[in-house]
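> If you scroll down you'll find the structure; I have some questions about it.
The values are calculated or read from the model by the stated rules, or taken from the named source; none is laboratory data. As the structure is a prediction and not an experimental result, all values here were calculated from the model. Cβ placement follows ideal geometry from the backbone for every residue including glycine, while neighbour counts extend to all protein chains displayed. Remember, those area values only see protein heavy atoms, side chains included, never the ligands or the DNA or RNA. Shrake-Rupley method; radii C 1.70, N 1.55, O 1.52, S 1.80 Å.
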Amino acid sequence: MSFVRNAWYVAGWSRDFGEPLRAMEILGQRLVMYRASDGTVTALEDRCPHRLLPLSKGKRIGDTIQCGYHGMTFDGAGNCVRVPGQDNTPKSAFVEAFPVEERHDIVWVWMGDPDLADPAQIFDMPEFTSPDWHAHQGEALHIEAHYLNVAENLVDPAHVSFVHPTTLGSAASENVPVHVSTGGDVITAWRWIRDAPPVGFFQKFGGFNGHVDRWHYYHLHLPSTAVIDFGSIATAENCAEDDRNRGVRIFALHFVTPVNEDRTIDHWMHLRNSALGDEEASAQMDAMFNVAFAEDKAVLEAVHENEKRPQRRRPIRIAIDKGPNVYRKRIRDLVAAESTEDLGAAEGASFVHHD
Amino acid sequence: MSFVRNAWYVAGWSRDFGEPLRAMEILGQRLVMYRASDGTVTALEDRCPHRLLPLSKGKRIGDTIQCGYHGMTFDGAGNCVRVPGQDNTPKSAFVEAFPVEERHDIVWVWMGDPDLADPAQIFDMPEFTSPDWHAHQGEALHIEAHYLNVAENLVDPAHVSFVHPTTLGSAASENVPVHVSTGGDVITAWRWIRDAPPVGFFQKFGGFNGHVDRWHYYHLHLPSTAVIDFGSIATAENCAEDDRNRGVRIFALHFVTPVNEDRTIDHWMHLRNSALGDEEASAQMDAMFNVAFAEDKAVLEAVHENEKRPQRRRPIRIAIDKGPNVYRKRIRDLVAAESTEDLGAAEGASFVHHD
Amino acid sequence: MSFVRNAWYVAGWSRDFGEPLRAMEILGQRLVMYRASDGTVTALEDRCPHRLLPLSKGKRIGDTIQCGYHGMTFDGAGNCVRVPGQDNTPKSAFVEAFPVEERHDIVWVWMGDPDLADPAQIFDMPEFTSPDWHAHQGEALHIEAHYLNVAENLVDPAHVSFVHPTTLGSAASENVPVHVSTGGDVITAWRWIRDAPPVGFFQKFGGFNGHVDRWHYYHLHLPSTAVIDFGSIATAENCAEDDRNRGVRIFALHFVTPVNEDRTIDHWMHLRNSALGDEEASAQMDAMFNVAFAEDKAVLEAVHENEKRPQRRRPIRIAIDKGPNVYRKRIRDLVAAESTEDLGAAEGASFVHHD
């Protein structure tokens, strides 16, 4: 297992949750989620403890869920409030409830020990609420690949020239060195490509004619939230590295949610300091992002498939892997730190036997 | 393994068997079946002992089957009667033959020790041949679920209110207690719902205007034949429990045949004491049954899928589970009683290796 | 494992290889193949050693392949010639290269120890280059079956009467005995059917009116190249066994390439001593072969599926199995002889773990 359980993961955008029961899977755990009458979002284990029908196949009775098989009913805290055919409710008649927080139109769920769930740890950045920035939520990209490969890709500027040659990158950057800093809970890889023609994206959205200075900063927040700060500014402007707001600047956010060992969902959105309130620009950017992310998806799924085959030689690592290497090391450490409690759970795991 | 081998299972209706070779699977055993020229039905192991081609891919030569690969030919008893290219037939050149009995337009096959096959044990009831009753064979419901879950569902009146709220049940019955008797080879669960509006089925077929008394008797005959005796009578008639023929009464029969550990076929039919000879009524009832059984199928397949996932907690049992609990206990006992002979067979099991 | 590694296998016809990168799998090994600018065909391991993306998802830069993920580049010998972002190339940055030979418009690849690859061992026969013979390459038949079953079928005259009753065989041959010789690296099974009506194929292509003498010689060259010498001649001609060129004679060649344990490709072609240069006749023959090979495919895939099920009894062998039995014995011996080196490779095999 390679999942960090004590963490907040994005379950979806606020607009995705309403009255209907919604079935999801995060870290191999099936969830049923819905928005309760007080506006908060509920996340419960999607498995009736009686005959194991997913509760998402049942129906809402007010803010409770009635199982679709025998009518056992659970409230938003996972407590059983009714067992048809009897008056008492067995102690074991409950489902797990998962802490949920919602902010900036994003719904987060905590997959670990509920006692450790601290809303202050939820990913935040000031641009979410600044009037100088425009936020736009994109779609959910479903990828048949392990989440570590998806997240690693997001702290890996070196792939851009080869995977996205017509959209986000160009051959001009192939040999530009990548800097990496690895302090705290964020790993950052970055590079500047100075004095080069604008790439496709900024040809379209920047209105640049001549050469530009272009930057990519890949910030990967553990366990799997990526902030890609990228932008361009006319080379003539002589922009300093920390003065990037002078250019056309975009934060592409990727909230990488592991579904299970073979599938991952990337909820992506962006923040930008130009074209504020321009939904036409948002739609055009989404279209370009969709092209680029389909390129990532094709690569990641082919890698995943090849990784599942027997390997006679270990993969090699090269200089550009510094960010990914540090990232994987940090995840291993986090998983190891959680392993004592996980071990107990794993030992208790079993299957239903009909014998 | 959870199969009771020494038992008669329904392979299909008489109309399903004729000249063509028909491939089936029962208890994980592949069979080829056909109707011989004397009108009897033959069931053979569907695997040529030579190169393992299913005999159902071959062709009939009179009452024998000629394998489609090298022409080895078997009679209805499974004996090899021809080996092309040689004069003698090796002792090991045979396929298993399974006893078959046909009655009341139903074809039964015995999956265990042929020496124990006793036609007197085949399920029977007097209404099959009574002129006061109309028999109508429905279809075969293919369910991606374990047979114990399918059969359990048929001794479980409590699910009707929740799975079939618009057809066979209603909210009025949700809390009516269930009685269970467990004598002999039949487990029976039943309840009466007195003085309530008629449910959808009897609104349509009973012609009732006012309140009715409604009954459900679920008889589950080991290993997996269910008789659901259900009906309605005007409440004003003051019907005694054992005087149900006065009302509109239906026996819904379910012959549950395990295909393998993941699939089950439910051959269903009914007997009724009204609308005798009315094929229009039969068709309308089939349509309603199809709606209800599709509801069961959806629930059972979702349960099966969830059961195959790792379980961190054991499923719980509640008061309404008395019938299912007793049923599973009986099956476990039957399987255990057969296990000595099964053990020998299982130890001999192997795969074909190309090495 | 049942693969003979030190052998030449057919990867395809010459016409199948050109500029584009072509992904294949042989003996469970994924390959990327392409024709280089000097006209030779290259075969490399289809797996970048860095992040395991198949190189076939990358692009050609001249005669090298640039990986589609991070641009690592490999020449036709499998050597890494570029690692973007650094100047040196790690010693472990290579992919395996497989020897390739091309002759008679057939592309062969050597899957074993490159030091043992001897082009002189490639299958050859004088009719390839004789002006008295017409060569015609057919298609590639993809079969979901183990290659031993596919190859065995090609040294098995006995199946023709039953699998191909309307095309290549007839009931007249069902009981004609089969001769087998097993010297050297070729197993041969053959029989003559004397004085019988011509079968469908020779009715169409031989122009025979009366009875013919018909022969089938099945030569199976280890590990899996089959030459089926078949033909017909008017019975009145009194043809001696070794004077077959007097009749209408066809060599059907089958180059059986194991993809993995569950899939096989049969590249088939023929050589004939009639209708030289007649492409219409070639197309008509292809059409008849396609009918016959679809019959084989259906049988072989059904056998493969049944072989993967648990077996309570061993398959039996009969007199007509002499050729197949010897063939399997030879393969076992070859595999055993290679096992010492294989063992080392297998012990080194592992999977990528995300932990």
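> Would you mind estimating how fast segment B:87-205 diffuses translationally, via Stokes-Einstein at 37 °C and 0.692 mPa s with the Kirkwood radius over Cα pairs, in µm²/s? Before the final figure, lay out each step's value.
Numbers: Rh = 18.9 Å.
The diffusion coefficient I find is 173 µm²/s.
> Quick one: buried accessible area between C and B, total over both chains, 1.4 angstrom probe, nearest 100 Å²?
Details: alone 17660 and 17640 Å², together 31850 Å².
Summing both chains' loss of accessible area gives about 3500 Å².
> How large is ³J(HN,Hα) for each residue in segment A:188-195, as worked out from phi by the Karplus curve 6.51 cos²θ - 1.76 cosθ + 1.60 (θ = phi - 60°), to whole Hz, x for Gly and Pro?
Couplings: 10, 10, 8, 7, 10, 10, 9, 6 Hz.
> Give the long-range amide H neighbours of A:Asp46: residues separated by 5 or more places, or on another chain, with amide H under 5 Å away, using H modelled in the peptide plane at 1.01 Å from N.
A:Arg30, A:Leu31, A:Val32
> Please state the relative contact order of segment A:127-331 as a whole percent: Cα pairs under 8 Å, 6+ residues apart?
On the way: 383 pairs, mean separation 59.0, N = 205.
That works out to 29 percent.
> Report relative contact order for segment B:153-238 in percent, whole number only (criteria: Cα-Cα under 8 Å, sequence separation at least 6). Display every interim value, and only then the final one.
Numbers: 167 pairs, mean separation 22.5, N = 86.
Result for segment B:153-238 is 26 percent.
> Taking only C-alpha pairs under 8 Å that are 6+ residues apart, what is the relative contact order of chain A in percent?
Numbers: 670 pairs, mean separation 61.6, N = 355.
Value for chain A: 17 percent.
> Measuring from label point to label point, each 7 Å out along Cα→Cβ, what is the A:His211 to A:Ala298 span in nm?
Simple spin-label model gives 3.2 nm for this pair.
> Moving to a separate point now. Got a number for carbon plus sulfur as a percent of chain A's accessible area, 1.4 Å probe? Write down the numbers at each step before the final one.
Working: 7130 of 14170 Å².
Solvent-exposed carbon and sulfur of chain A make up 50 percent of the total.
> Could you work out how far helix A:279-307 tilts from the main Cα principal axis of chain A, as a 0 to 90 degree angle to the nearest 10?
70 degrees
> Which percent of Cα-Cα pairs in the protein assembly as shown sits in each 20 Å bin, short to long?
Once binned at 20 Å, the Cα pair distances of the protein assembly as shown give 10, 29, 33, 23, 4, 0.
> Rolling a 1.4 Å sphere over the protein heavy atoms, what is the accessible area per residue of the protein assembly as shown, to the nearest Å²?
On the way: 42550 Å² over 1065 residues.
Dividing the accessible area of the protein assembly as shown by its residue count gives 40 Å².
> To continue, here is another question. Mind scanning A:Lys57/B:Lys308; A:Lys59/B:Lys322; A:Lys297/C:Lys57; B:Lys57/B:Lys297; A:Lys308/C:Lys308; A:Lys57/B:Lys297 and naming the pairs with a C-alpha gap bigger than 19 Å? Before the final figure, lay out each step's value.
On the way: A:Lys57/B:Lys308 17 Å; A:Lys59/B:Lys322 25 Å; A:Lys297/C:Lys57 13 Å; B:Lys57/B:Lys297 31 Å; A:Lys308/C:Lys308 22 Å; A:Lys57/B:Lys297 13 Å.
From the list (A:Lys57/B:Lys308; A:Lys59/B:Lys322; A:Lys297/C:Lys57; B:Lys57/B:Lys297; A:Lys308/C:Lys308; A:Lys57/B:Lys297), the Cα-Cα distance tops 19 Å for A:Lys59/B:Lys322; B:Lys57/B:Lys297; A:Lys308/C:Lys308.
> Name the residues whose placed amide hydrogens come within less than 5 Å of the amide hydrogen of A:Leu141, ignoring near sequence neighbours (fewer than 5 apart) on the same chain.
A:Asp266, A:His267, A:Trp268
> Using label points projected 7 Å from each Cα along Cα→Cβ, tell me how many nm separate A:Asp38 and A:Ala287, to one decimal.
Calculated label separation equals 4.5 nm.
> Please go through segment A:65-154 and write out the trypsin sites (Lys or Arg not before Pro) that DSSP classes as loop and that have at most 15 other C-beta atoms within 10 Å. Don't jump to the answer; show the numbers that get you there.
Values: sites: A:Arg82, A:Lys91, A:Arg103; in loops: A:Lys91.
When the trypsin sites (Lys or Arg not before Pro) of segment A:65-154 are filtered for loop state and at most 15 Cβ neighbours within 10 Å, A:Lys91 remain.
> Residue by residue through B:56-63, how many Cβ atoms from other chains fall within 10 Å of the Cβ on average? Please report the intermediate quantities before stating the final value.
Details: counts 1, 5, 2, 2, 0, 0, 0, 0.
What the average comes to for B:56-63 is 1.
> With each pseudo-label sitting 7 Å past Cα toward Cβ, what's the A:Ile61-C:Glu19 distance in nm, one decimal?
Result: 6.9 nm between the two label points.
> Past the 24 angstrom mark, what percentage of all C-alpha to C-alpha distances in segment C:194-317 do you count? Please report the intermediate quantities before stating the final value.
On the way: 3119 of 7626 pairs.
The answer is 41 percent, as a whole percent.
> Additional query: Could you point to the residue in A:Leu52, A:Pro197, B:Leu334 farthest towards the positive end of the protein assembly as shown's charge dipole, with +1 and -1 charges on the Cβ of Lys/Arg and Asp/Glu respectively?
Highest projection toward the positive end goes to B:Leu334.
> So how tilted is helix B:322-348 from the main axis of chain B? Cα-based, degrees 0 to 90, rounded to 10.
0 degrees
> Cα-based Rg (one decimal) and Dmax (whole number) for segment A:251-303, in Å?
Both quantities, over Cα of segment A:251-303: 13.3, 39 Å.
> Just how large is the dipole of chain B about the Cα centre, in debye to the nearest 20, putting +1 at every Lys and Arg Cβ and -1 at every Asp and Glu Cβ? Write out the running numbers ahead of the final one.
Values: 34 positive and 51 negative charges, 176 e Å.
Here the size comes out at about 840 debye.
> If the rule is a partner Cβ under 4.7 Å, which cysteines in chain B fail it?
Lone cysteines by the Cβ rule: B:Cys80, B:Cys239.
> A further question on this structure: Report the Cα-based extents of chain C along its three principal axes, largest first, to the nearest Å.
79, 52, 32
> Restricting to Cα atoms and excluding each atom paired with itself, what does the Kirkwood estimate give for segment C:45-138 in Å? Show your work: numbers first, answer last.
Working: mean 1/r = 0.0635 Å⁻¹.
Averaging 1/r across every pair of different Cα atoms and inverting gives 15.7 Å.
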